[in-house]
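Sharing a structure, written as structure tokens. Questions coming.
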Amino acid sequence: MAVKAPRGTADLLPQEARAWDQLSRLALRIFGSYGYEPIETPIFEQTDMFTRGIGEATDVVGKEMFQVLSKNAYATLLEGGKLAADQRLSLRPEGTASVVRAVQEHNLVPSGAAPAKLMYFGPMFRCERPQKGRLRQFHQIGAECLGAHEPSVDAEMIIMLMRFFEKAGVPRSNMRLIINSMGDDNCRPAYRDSVRDFILAHGSELCDECNRRAHTNPLRALDCKNPACKQVLAAAPTIDNALCDDCRAHYEAVKAYLDMAGIEYVEDPHLVRGLDYYTNTVFEVQVIDGLGSQNAIGGGGRYDKLMESVGGKPTPGIGFALGFERLMLALEAAGVQLGGGSNLDVFVACVDASMRAASFKVLQSLRDAGVRADADHQARSLKSQFKLADKLAAPLVVVVGPDEFERGEVTLRDMASKEQRNVSIEELPTAVKGLLGE
Ligand SMILES: [Zn+2]
Ligand SMILES: [Zn+2]
């Protein structure tokens with residue numbers, strides 16, 4: 001039986017791969033206009049880095065990480081031995097922890113320096129049950145800003161994310177931006193306790209997971225998807241009443257900047273992002289129509305304590321990530337097709353086999369001039385070559401025939417207007433580029 005791709009993975013076929021490339025380049029361009037530069041971190045890291053950075057009690061670290069074992073480490077485990085820290089490796093389940101690790105390792109934010117503004121795109125890995133729009137290997141685009149606590153950075157991040165989605169083609173009217181403040185070490189512990197007490201008081205009405213979370217990570221229970229839990233938890237204490245003065249001022253400033261930029265938002269005092277490390281601003285962008293209950297297409301938040309938890313000096317930070325696969329579903333729902341169009345500018349046809357070598361030479365000269373060109377490689381008749389050019393949606397066809405070639409010319413045909421003329425071989429690339437509007 002033929003081997004298939006592993007469960008929960010998907011090949012990005014040419015059209016999807018082109019869409020991924022287009023979106024990555026769009027991100028480079030848009031985030032670049034806000035001063036963000038690309039960074040690439042390894043696809044696997046020491047497991048401890050994720051455990052410390054993301055948090056042991058999260059699903060991501062607790063249940064969903066793919067472990068990476070070298071042959072030696074695997075043998076050690078089989079023999080009942082213990083692995084050293086640098087043998088305990090995992091595929092990255094998200095991008096933030098690695099970027100923060102890299103910033104610390106290379107001291108990208110020395111004291112007094114301007115913040116490091118970094119962006120990344122690439123595959124992430126989570127060993128969860130595959131479902132629509134949720135894969136074990138998925139693709140994310142993200143940005144992180146380290147070294148500044150000012151609310152203007154939070155606002156800039158959110159505006160940048162919204163602009164990206166708009167430019168990608170998600171209609172503004174079909175997006176909902178949700179924001180909240182999760183407080184900080186000063187005010188969150190008391191809030192956390194009040195949520196824990198609420199869960200314990202309503203324990204019999206809530207699912208096992210919520211009850212378990214009361215002890216490990218009570219705020220995560222607010223994110224429970226169980227409809228019965230949702231109803232009960234709607235009455236749970238909200239953080240807006242619990243924020244300390246600093247956190248409240250920070251949150252108000254972020255909102256004022258968003259208002260200034262004309263960005264609409266909905267405040268949800270129960271919005272908690274899945275990971276332990278968030279402080280202050282958190283945000284999520286949802287698609288209103290077309291994605292069902294899995295409607296979040298991106299989100300992020302501030303993580304001022306994360307750097308310390310991976311062993312660095314205190315460095316405030318904020319970031320977001322957006323999922324390529326979810327975004328593609330949202331674009332599909334909006335009728336936007338990325339990655340389409342012809343991948344060919346010119347098809348080079350030869351009238352018969354005697355002109356094959358001459359036509360190969362013309363083809364190569366077009367490619368060397370930077371024109372996307374291709375030809376038949378299966379000895380098709382001229383008629384079949386035209387059919388193929390049609391199928392490949394080539395806007396132009398060059399026909400290489402003996403008489404014209406003798407005079408140093410070929411025939412250039414515009415497939416839309418059906419107009420054709422003879423062009424000298426030297427001038428062909430220029431003539432082609434002229435017709436393509438370059
Ligand atoms: Zn629940
Ligand atoms: Zn606070």
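Could you list the trypsin sites (Lys or Arg not before Pro) in segment 340-404 that lie in coil according to DSSP, counting only those with at most 11 other Cβ atoms within 10 Å of their Cβ?
Here no trypsin sites (Lys or Arg not before Pro) fit, given the DSSP loop and packing criteria.
Using the structure shown, select from LYS4/LYS387; LYS63/LYS230; LYS225/LYS305; LYS117/LYS230 the pairs with a Cα to Cα distance greater than 30 angstrom.
LYS4/LYS387; LYS117/LYS230, as the Cα separations exceed 30 Å there.
Here is a follow-up. Return one number: the angle in degrees, 0 to 90 and rounded to the nearest 10, between the long axis of the Cα atoms of helix 151-168 and the longest principal axis of the Cα atoms of the chain.
On a 0 to 90 degree scale, this one is about 40.
Between ALA375, ALA190, ALA85, find the one with the highest GNM mean-square fluctuation for the chain; connect C-alpha pairs within less than 10 Å.
Among ALA375, ALA190, ALA85, the largest mean-square fluctuation in the Gaussian network model of the chain belongs to ALA375.
With point charges of +1 on the Cβ of Lys and Arg and -1 on the Cβ of Asp and Glu, referenced to the Cα centre of segment 1-155, which listed residue (PHE50, VAL103, LEU13) lies farthest in the positive direction of the dipole?
LEU13
Once you have the Cα-Cα distance between LEU200 and ARG172, take 0.36 nm times their residue separation minus that, and quote the gain in nm to one decimal.
6.0 nm
Within the set of other residues whose C-beta is less than 11 Å from the C-beta of LEU366, count the net charge using Lys and Arg as +1 and Asp and Glu as -1. Working shown, then result.
Values: positive: LYS361, ARG367, ARG372, LYS433; negative: ASP345, ASP368, ASP374.
Value of the local net charge: +1.
Of all trypsin sites (Lys or Arg not before Pro) in segment 91-168, which ones are in loop regions per DSSP and have a Cβ with at most 14 other Cβ atoms within 10 Å?
Loop-located and lightly packed - LYS132.
Suppose R0 equals 45 Å; then what is the FRET efficiency for ALA113 and ALA84 from their Cβ-Cβ distance, rounded to the nearest 0.05?
Computed FRET efficiency for ALA113 and ALA84 comes out at 0.85.
Counting pairs of alpha carbon atoms under 8 Å apart in space and at least six apart in sequence, what relative contact order in percent does the chain give?
16 percent
Which whole-number percent is the relative contact order of segment 346-435 (Cα, under 8 Å, 6+ apart)?
Details: 127 pairs, mean separation 27.8, N = 90.
Relative contact order, segment 346-435: 31 percent.
Any idea what angle helix 356-368 forms with the longest principal axis of the chain, computed on alpha-carbon atoms, 0 to 90 degrees, nearest 10?
Helix 356-368 sits roughly 40 degrees off the main axis of the chain.
Once label points are set 7 Å from the Cα along Cα→Cβ at both LYS383 and ASP245, what is their separation, rounded to one decimal in nm?
According to this spin-label approximation, the distance is 8.8 nm.
With only Lys, Arg, Asp and Glu charged, each at its Cβ (+1 for the first two, -1 for the last two), find how big the charge dipole of the chain is about the Cα centre; round to the nearest 20 debye.
Around 1120 debye, computed over the chain.
If you add up the charges near LEU382, with Lys and Arg at +1 and Asp and Glu at -1, over every other residue whose beta carbon is less than 11 angstrom from its beta carbon, what do you get?
Computed value for this residue: +1.
Label segment 43-137 by shape, choosing from rounded, prolate and oblate, from the square roots a ≥ b ≥ c of the eigenvalues of the Cα gyration tensor; if a/c is under 1.5 it is rounded, and otherwise prolate applies when a/b is larger than b/c, oblate when it is not.
Note, shape of segment 43-137 comes out oblate.
What does the extension gain come out to for GLU209 and ARG367, with contour length at 0.36 nm per residue minus their alpha carbon separation?
50.9 nm
Something else now. Along the charge dipole of segment 346-435, which of VAL371, SER417, ALA389 sits closest to the positive end, that is, farthest toward it, with unit charges on the beta carbon of Lys, Arg, Asp and Glu (+1, +1, -1, -1)?
ALA389
Can you give the FRET efficiency for PHE360 and LEU26, using 1/(1 + (r/R0)^6), R0 = 45 Å, r = Cβ-Cβ distance, to the nearest 0.05?
0.80
Among the chymotrypsin sites (Phe, Trp or Tyr not before Pro) in segment 350-418, which ones are in a DSSP loop with at most 10 other Cβ atoms within 10 Å of the Cβ? Mind listing them?
The qualifying sites: there are none.
Quick check: pseudo-label points 7 Å beyond the Cα along Cα→Cβ at GLU419 and ASP390, how many nm apart are they?
2.2 nm
In nm, give the distance between the simple-model label positions of ARG18 and ALA334, each being 7 Å from the Cα along the Cα-to-Cβ direction.
The modelled label-to-label distance comes out at 2.0 nm.
Could you check what % of the DSSP bridge pairs in segment 346-435 are antiparallel, to the nearest 5?
Given both bridge residues lie in segment 346-435, the antiparallel proportion sits at roughly 55 percent.
Let me make sure I get this right: for segment 346-435, a, b and c are the square roots of the gyration tensor eigenvalues over alpha carbons, sorted descending. Under 1.5 in a/c it's rounded, otherwise prolate if a/b > b/c, else oblate. Which is it?
rounded
Right, something else. Report, to the nearest 10°, how far helix 324-333 tilts away from the longest principal axis of the Cα atoms in the chain, using its own Cα long axis and a range of 0 to 90°.
Approximately 70 degrees, to the nearest 10.
Rounded, prolate or oblate: which fits segment 159-264, taking a ≥ b ≥ c as square roots of the Cα gyration tensor eigenvalues, rounded meaning a/c under 1.5, else prolate when a/b beats b/c? Mind dumping the intermediate values first?
Values: a/c = 3.07, a/b = 1.55, b/c = 1.98.
The shape class here is oblate.
Rule-based calculations on the coordinates, nothing more; no lab input. Bear in mind that the values here come from a model prediction, so they are computed numbers and not experimental data. Positions of Cβ are backbone-derived with ideal geometry, glycine not excepted, and every protein chain shown enters the neighbour counts.
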